[in-house]
Amino acid sequence: MQIVPSPPPHQAKAYQQTSVENNLTLVWYFSIMALIGFGVHLLHHLRLGNEAFSEQMMPYLLVYISNVLYALLNLFLLPYARGMSRTSWRVTLLELMYPTFLAFMATVLSIYTSIQGHGPVPFIMGMMVIAMLVQGHLVFLFCLLFLCWMTVSLGLLNELPMQDASSPILTCFTSMLIAMFIARLAERSRVDQFEILHELHEKNSLLEELSVQDPLTKLNNRRYFASKLESETTRSLRYQHPLGLLIVDVDDFKKINDSDGHLVGDEVLIEIARLISQQLRSDDIVCRLGGDEFVILLVEAEVEQSKEIATRICDSINANKFARASHKVTVSIGYAQYTGQPLGDFMQQADKMMYTSKKRGKNQVAFFGYDFDSQSVEL
């Protein structure tokens with residue numbers, strides 16, 4: 001059994017960041033509660049007039065004022081901490097100083113109330129709150145609780161006879177042990193919950209990835225392409241960026257399947273996917289539409305650049321040796337440039353050019369609106 005509950009090593013950094021977020025959130029909430037609660041007590045205390053500043057009432061006044069001021073300081077600093085690195089020492093100081101301050105307040109007030117004969121009630125309540133206020137720093141919390149108990153004990157022994165100090169000291173000791181138990185129980189629960197949520201997040205990410213990934217070629221699939229087509233055409237119109245579309249179809253792929261078998265056909269598709277990916281830029285998007293057909297979005301690519309990329313794809317596949325294929329493997333490619341036309345027309349233009357490539361003899365590229373061989377315009 002772990003004395004200090006902790007997640008697996010590969011989740012430690014993520015848990016630390018989650019702990020910081022939760023701690024800062026709790027500091028925010030407790031600061032608001034302290035501002036309201038101690039603010040009301042301060043106003044009520046000031047109604048006593050001059051008596052509020054008497055020697056007997058001064059400790060309470062100082063507690064109320066210091067808590068209100070510290071709460072205001074937290075509310076001022078926390079928005080800046082949200083934008084800082086979670087590994088920054090400033091953020092760590094902010095998340096741990098407030099629980100330390102509250103523990104100190106509860107400790108000092110408990111010494112005073114015990115001397116007055118009211119018992120260490122603030123210590124009991126304060127330590128229970130502190131036990132729930134800190135996540136991811138259990139050793140620090142144990143040390144803080146023990147230090148508070150030692151401070152209470154020394155303070156009471158210094159101010160009271162042994163027979164009068166022993167009872168509140170034992171009460172505080174019991175409270176400290178209970179607070180430690182609660183703190184460890186809470187930390188164990190938080191770690192378990194984090195591990196479950198982290199595992200669930202990883203599975204959801206995997207499912208999301210699989211839902212848009214072609215299982216054979218590992219390229220993105222038709223579903224992913226549909227979403228990217230809509231977003232990239234919208235971006236193209238908004239920022240006036242050029243956008244090209246290539247539809248790539250394997251020539252005579254049925255012959256490969258019929259003569260060499262579907263296993264070899266699959267190997268050919270996997271190799272073609274690899275060759276296409278090698279010729280693209282980092283921002284370009286390639287997907288497998290299905291069967292032996294691939295589609296490519298050339299992001300921010302002018303016509304000449306699109307022609308160069310399409311030609312490289314065609315040539316690289318033509319030059320590649322597909323070891324197990326008995327037929328020569330080539331592709332026909334159709335190109336269209338996005339100019340604001342409906343998406344259906346955009347796809348149809350590229351598809352039409354792909355069939356034009358096949359009619360012209362295959363293993364080539366045809367461009368909608370631009371015939372680079374004859375300088376004529378495709379209609």
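Things to note:
- The residues listed here are ILE111, ILE32; of these, the one that is in the same structural domain as PHE181 (by TED's automatic domain parsing), modelled with pLDDT of 85 or more and either buried (at least 16 other Cβ atoms within 10 Å of the Cβ) or not aliphatic (A, V, I, L, M) (or both) is ILE111.
- Test: residue in region 318-336 that is among the aliphatic types (A, V, I, L, M) and under 21 Å from SER231 (Cα atoms): yes
- Looking across SER326, SER282, one residue alone is part of a loop (DSSP other than H, G, I, E, B) and under 41 Å from the mean Cα position of the chain (by Cα). It is SER282.
- Selected residue [part of a loop (DSSP other than H, G, I, E, B) and surrounded by 12 or more Cβ atoms within 10 Å (Cβ to Cβ)] from LEU177, LEU147, LEU216, LEU157: LEU216
- Test result for GLY119, surrounded by 12 or more Cβ atoms within 10 Å (Cβ to Cβ) and either in a helix (DSSP H, G or I) or touching a residue at least 60 places away in the same chain (Cβ under 8 Å) (or both): no
- Some residue of region 88-98 being modelled with pLDDT under 90, farther than 19 Å from LEU144 by Cα and not in a helix (DSSP H, G or I): yes
- The one condition in (1) surrounded by 12 or more Cβ atoms within 10 Å (Cβ to Cβ); (2) part of a loop (DSSP other than H, G, I, E, B) that GLU55 fails to fulfil: (1)
- Residue in region 280-291 that is at pLDDT below 95, within 20 Å of LYS362 (Cα to Cα) and small (Gly, Ala, Ser) present: yes
- Considering ILE317, ILE276, ILE270, the condition of being assigned to a helix (DSSP H, G or I), in contact with a Leu (Cβ under 9 Å, 6 or more places away or on another chain), at pLDDT 95 or above and surrounded by fewer than 20 Cβ atoms within 10 Å (Cβ to Cβ) is satisfied by ILE270 alone.
- Residue among SER189, SER167 that is more than 12 Å from PRO120 (Cα to Cα) and loosely packed, with under 15 Cβ neighbours inside 10 Å: SER189
- Restricting region 199-228 to residues that are hydroxyl-bearing (Ser, Thr, Tyr) and under 21 Å from the mean Cα position of the chain (by Cα), the residue that is modelled with the highest pLDDT is SER211.
- When LYS362, LYS358, LYS352 are checked against the criterion of being among the basic types (Lys, Arg) and either part of a loop (DSSP other than H, G, I, E, B) or under 35 Å from the mean Cα position of the chain (by Cα) (or both), a single residue qualifies: LYS362.
- Scanning region 166-210 for residues that are within 30 Å of GLY119 (Cβ to Cβ) and among the charged types (D, E, K, R) returns ARG184, GLU187.
- Residue under evaluation SER85, criteria (1) assigned to a helix (DSSP H, G or I); (2) within 38 Å of the chain's Cα centre (by Cα), criterion not met: (1)
- Residue within region 323-336 that is touching a residue at least 24 places away in the same chain (Cβ under 8 Å), in contact with a helix residue (DSSP H, G or I) (Cβ under 6 Å, 6 or more places away or on another chain) and farther than 24 Å from LYS359 by Cα present: yes
- PRO99 being in contact (Cβ under 8 Å) with a residue 40 or more places away in the chain and within 32 Å of the chain's Cα centre (by Cα): yes
- Only one of the listed residues (VAL299, VAL303, VAL286) is buried (at least 21 other Cβ atoms within 10 Å of the Cβ) and touching a residue at least 60 places away in the same chain (Cβ under 8 Å). That residue is VAL286.
The values are calculated or read from the model by the stated rules, or taken from the named source; none is laboratory data. Note that the structure is predicted; figures quoted are calculated from it, not measured. Using ideal geometry, Cβ is built from the backbone for each residue, glycine included, and neighbour counts are taken over all protein chains shown.
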